Amino acid sequence: MSKPITEFIEKYYLHFNAAALVDASKGYVAHLKDGGKMMITLAGAMSTAELGKILAEMIRQDKVDFISCTGANLEEDLMNLVAHSHYERVPHYRDLTPQEEWDLLERGLNRVTDTCIPEEEAFRRLQKHIYEIWKDADNKGERYFPHEYMYKMILSGVLEQYYEIPRENSWMIAAAEKNLPIVVPGWEDSTMGNIFASYCIKGELKFSTMKSGIEYMAYLADWYTKNSSGKGVGFFQIGGGIAGDFPICVVPMLYQDMEMHDIPFWSYFCQISDSTTSYGSYSGAVPNEKITWGKLDITTPKFIVESDATICAPLMFSYILENS
């Protein structure tokens, strides 16, 4: 079997962050081969960066068992799916004046670094259909998580009329077809979260129709308790913030607050981050700090790749797919 990415990085990625990338990738493969499971957390704008092109294949090949992501990553994969041809790239984004930024807003283009998301084609196409699903549940007195409503919308086929990229490039389609467990901490911070809140404020939907973040933690706790035996569950963190901090805390919560003293620590840890170590940020904390919080064990394999996830994650996922 040809392994072009493996051959490339093992030949040239020999030191510093490059070597850490290789070591972490090998550790991921070893964890899976030993029967371990893996959580991936998505912060930043990974969906708009089109990480779905390879993350979807990771999901299809059972290299991911659970995802924690921001509300932005949950919805922006679908926005790219239904409105890709309307996106605009701004390679000179560093040179934009305030007036040029305002002009983008006036055109309905919301900028994420070098990529502008078209409001009408992306947000509004989804809004029409997701509202109908929310309203149906609301009328029936049913309650679901944010990602479950998204799964319902995907699996209903209602979005297929808009598809502008191959369906195999959408990680949300792959996740929906697998019914992959997801937690979306802080979902209300997303565009769809804002839209849902507006309907509740207007009295068109009930707040209770959407399950809460606390319920997400209970959902994760139940899953972790049932899946952490044997080799255990690894933690592959892209970026920092709530997408990583929320799920990793399930272990100390179970141990300290639920007093489940036999609960295993996370059994593998890797973070890709460009946050500088120090300054007090969670994103910049070295893995060993997590030992003091009861998240990782002394013996947990720990890796940190201090680089750009849009460069590193596709390489690492390719290596994992080639070798496991």
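Computed from the coordinates by the stated procedures, all read-outs in this text should not be read as laboratory data. Note that the structure is a prediction, hence the values are computed from the model and not measured. Because the Cβ atoms are built from the backbone with ideal geometry, glycine has one as well, and the counts that use them run over all protein chains shown.
So what's the back-of-envelope 222 nm ellipticity for the chain, counting only DSSP H runs of four-plus at -39500 (n - 2.57) apiece and dividing by all residues, rounded to 500?
-13500 deg cm²/dmol
Explain nothing, just compute: Karplus ³J(HN,Hα) = 6.51 cos²θ - 1.76 cosθ + 1.60, θ = phi - 60°, for every residue of the stretch 260-273 in order, whole Hz, x for Gly and Pro.
8, 6, 9, 5, x, 5, 4, 9, 7, 9, 9, 10, 9, 8
With each pseudo-label sitting 7 Å past Cα toward Cβ, what's the residue 61-residue 218 distance in nm, one decimal?
3.8 nm
Given the Cα-Cα distance of residue 34 and residue 135 and 0.36 nm per residue of separation, how much length would full extension add, in nm?
31.9 nm
Taking every pair of distinct Cα atoms and averaging 1/r, then inverting, what Kirkwood hydrodynamic radius in Å comes out for the chain?
For the chain, inverting the mean 1/r across all distinct Cα pairs yields 20.7 Å.
Please give, to one decimal in nm, the separation of the simple spin-label points placed at residue 202 and residue 163, each 7 Å out from Cα toward the Cβ.
Output for this residue pair reads 3.1 nm.
Quick check: residue separation of residue 258 and residue 19 times 0.36 nm, minus the Cα distance between them. What number comes out in nm?
Length gained between residue 258 and residue 19: 82.1 nm.
Any chance you could list P(r) for the stretch 24-147, counting all Cα-Cα pairs in 10 angstrom bins from zero, rounded to whole %?
11, 31, 30, 19, 8, 0
State, as an integer percentage, the relative contact order of the chain based on alpha-carbon contacts under 8 Å between residues 6 or more apart.
27 percent
What is the distance in Å between the Cα centres of the stretch 70-107 and the stretch 201-256?
About 29 Å separates the Cα centre of the stretch 70-107 from the one of the stretch 201-256.
If I stretch the segment between residue 111 and residue 275 completely, what's the gain in nm (0.36 nm per residue apart, minus their alpha carbon distance), one decimal?
56.9 nm
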